[in-house]
Amino acid sequence: MAIPVIDFSKLDGPERAETMAAIAAGFEDVGFFQLVNTGIPDELLERVKKLCSDCYKLREQGFKESKPAVKALAELVEEEGEGLAPRKIENMDWEDVFTLQDDLPWPSNPPAFKETMMEYRKELKKLAEKLLGVMEELLGLEEGHIKKAFTSDGDFEAFYGTKVSHYPPCPRPDLVDGLRAHTDAGGLILLFQDDRFGGLQVQLPDGRWVDVQPLENAIVINTGDQIEVLSNGRYKSAWHRILATRDGNRRSVASFYNPARLASIAPATPAAGEGGAADYPGFVFGDYMEVYVKHKFGPKEPRFAAMATAAIK
């Protein structure tokens, strides 16, 4: 099964109904889909590719010399050479990563990096907010409901951050993951992934893992745990992972449109089936994040249960 690819430009034309249905299926059936023709200039996306690659070149030696996973893998390979059975690294990822936020320091090199990434982040934020509007329409919510929830009716700014990652060639991809399987904690995630080297996989509801195929200048969309709560389980956050590979240096630029830490999140739609009662607890997003950072790579259900227990106390 291929992850759906949707032409976003058709949302504003005569094929709007079909496009809305495709987006609904992407949210509901898989939790992942790819958008093409998003309105983001290809020229900007090409600059992002180049500058992120150039930025990694400045970081590459540091990755090789100080990344704990590199040292741990070398030790495992050495043990294997001494006759010990190889074992997979379970608590590290083969990933070079840094984050971009408006209120945090940015890399000063390459020289055009900050200007280009600020322009890119502005375009992605517009796309995120347009998608949230589509989601509200699909869920039958009042226009602006999700943004109000994420900002506590405008009292706070929604969190908007970008994670720039590279997954360098790995000599033993059988012993370490690029990024371990997890669901995302927040709201809407917009990923500009490498269009040459694959590795991103999503788990389907039947348990199978499938590739999110590289596609030039597409934006991969997925939803996090907070959208699962807001939609009362209709749009579930999907498990995904990145495989380490021997060849290629995979680039990944993921932008996260999340609730403010003090925002209160609760189901906004009735549950399916009789009664229509809420299947998820209400909670403050910051409280959820305190649990998430400790259990990111575990099942999400205990995280929701912890929030329900906290609400009862």
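The values are calculated or read from the model by the stated rules, or taken from the named source; none is laboratory data. For clarity, every value in this text was computed on a predicted model and none was experimentally measured. Cβ placement follows ideal geometry from the backbone for every residue including glycine, while neighbour counts extend to all protein chains displayed. When the accessible area is computed, the model is the full protein with side chains, heavy atoms only, and any ligands, DNA or RNA have been set aside. Shrake-Rupley method; radii C 1.70, N 1.55, O 1.52, S 1.80 Å.
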* To do: Show the residue pairs that are 6+ apart or on different chains and have beta-carbon atoms under 7 Å apart, the first residue being within the stretch 234-247 and in contact (Cβ under 8 Å) with a residue 40 or more places away in the chain, the second being hydroxyl-bearing (Ser, Thr, Tyr).
  => Arg234/Thr269; Tyr235/Thr223; Ser237/Thr183; Ser237/Thr223; Ala238/Thr183; Trp239/Thr183; Ile242/Tyr167; Ala244/Tyr167
* Any residue in the stretch 221-231 that is farther than 18 Å from Ser255 by Cβ, surrounded by fewer than 19 Cβ atoms within 10 Å (Cβ to Cβ) and touching a Lys or Arg at 6+ places or on another chain (Cβ under 8 Å)? -> no
* Structure fact -> Cβ pairs under 9 Å, 6+ apart or interchain, first in the stretch 144-155 and of a type in the set (A, V, I, L, M), second part of a loop (DSSP other than H, G, I, E, B), ordered by first then second residue, are Ile146/Gly187; Ile146/Ala268; Ala149/Pro259; Ala149/Ala263; Ala149/Ala266; Ala149/Ala268
* To do: Could you tell me which residue of the stretch 234-290 is modelled with the highest pLDDT, considering only residues that are farther than 30 Å from Gly154 by Cβ, open to solvent by 40 Å² or more (accessible area, probe 1.4 Å) and aliphatic (A, V, I, L, M)?
  => Leu243
* Hey, among the residues in the stretch 78-95 that are outside any helix (DSSP H, G or I) and small (Gly, Ala, Ser), which one's farthest from Arg172 (Cα to Cα)? -> Gly83
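For the stretch 1-40, give me each residue that is part of a strand (DSSP E or B) and either touching a helix residue (DSSP H, G or I) at 6+ places or on another chain (Cβ under 8 Å) or open to solvent by less than 10 Å² (accessible area, probe 1.4 Å) (or both). Step through it out loud before you land on a result.
As a first pass, look at the stretch 1-40 and keep what is part of a strand (DSSP E or B): 5-7, 32-36.
Within the stretch 1-40, Ile6, Asp7, Phe32, Phe33, Gln34, Leu35, Val36 qualify.
Take the conditions on the phi < 0 side of the Ramachandran plot, part of a helix (DSSP H, G or I), open to solvent by 80 Å² or more (accessible area, probe 1.4 Å) and in contact with a helix residue (DSSP H, G or I) (Cβ under 8 Å, 6 or more places away or on another chain) and apply them to Lys64. Does it pass? Before you say what the answer is, go through the steps one by one.
On the way: on the phi < 0 side of the Ramachandran plot: yes; part of a helix (DSSP H, G or I): yes; open to solvent by 80 Å² or more (accessible area, probe 1.4 Å): yes; in contact with a helix residue (DSSP H, G or I) (Cβ under 8 Å, 6 or more places away or on another chain): yes.
Here the answer is yes, as Lys64 does meet what is asked.
In this structure, is Asn232 more than 23 Å from Ala24 (Cβ to Cβ) and of a type outside the set (Val, Ile, Thr)? Don't jump to the end; show me each part of the working.
Values: more than 23 Å from Ala24 (Cβ to Cβ): no; of a type outside the set (Val, Ile, Thr): yes.
For Asn232, the condition - more than 23 Å from Ala24 (Cβ to Cβ) and of a type outside the set (Val, Ile, Thr) - is not met.
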* **Single unsatisfied condition, Glu75 versus (1) open to solvent by 40 Å² or more (accessible area, probe 1.4 Å); (2) modelled with pLDDT of 95 or more** => (2)
* Near pairs, Cβ below 8 angstrom, 6+ apart or cross-chain, from the stretch 283-299 (aliphatic (A, V, I, L, M)) to any residue that is in a helix (DSSP H, G or I) and open to solvent by less than 20 Å² (accessible area, probe 1.4 Å) -> Val291/Arg303; Val291/Met307
* To do: Hey, could you check the stretch 41-60 for residues that are of a type outside the set (D, E, K, R) and in contact with a helix residue (DSSP H, G or I) (Cβ under 9 Å, 6 or more places away or on another chain) and say which is surrounded by the most Cβ atoms within 10 Å (Cβ to Cβ)?
  => Val48
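Among the residues of the stretch 194-208, which ones are under 25 Å from Pro168 (Cβ atoms) and of a type in the set (A, V, I, L, M)?
Within the stretch 194-208, the subset under 25 Å from Pro168 (Cβ atoms) is 194-203.
Of everything in the stretch 194-208, those that are under 25 Å from Pro168 (Cβ atoms) and of a type in the set (A, V, I, L, M) turn out to be Leu200, Val202.
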* With the checklist (1) surrounded by 16 or more Cβ atoms within 10 Å (Cβ to Cβ); (2) in contact (Cβ under 8 Å) with a residue 24 or more places away in the chain; (3) in a loop (DSSP other than H, G, I, E, B) in hand, flag the one item Pro214 doesn't pass. => (2)
* Kindly list, by first and then second residue, each pair from a residue in the stretch 56-69 that is free of Cβ contacts under 8 Å to residues at least 24 places away in the same chain to a residue that is buried (at least 17 other Cβ atoms within 10 Å of the Cβ) and of a type outside the set (Val, Ile, Thr), limited to pairs with Cβ atoms under 6 Å and residues at least 6 apart or on different chains. => none
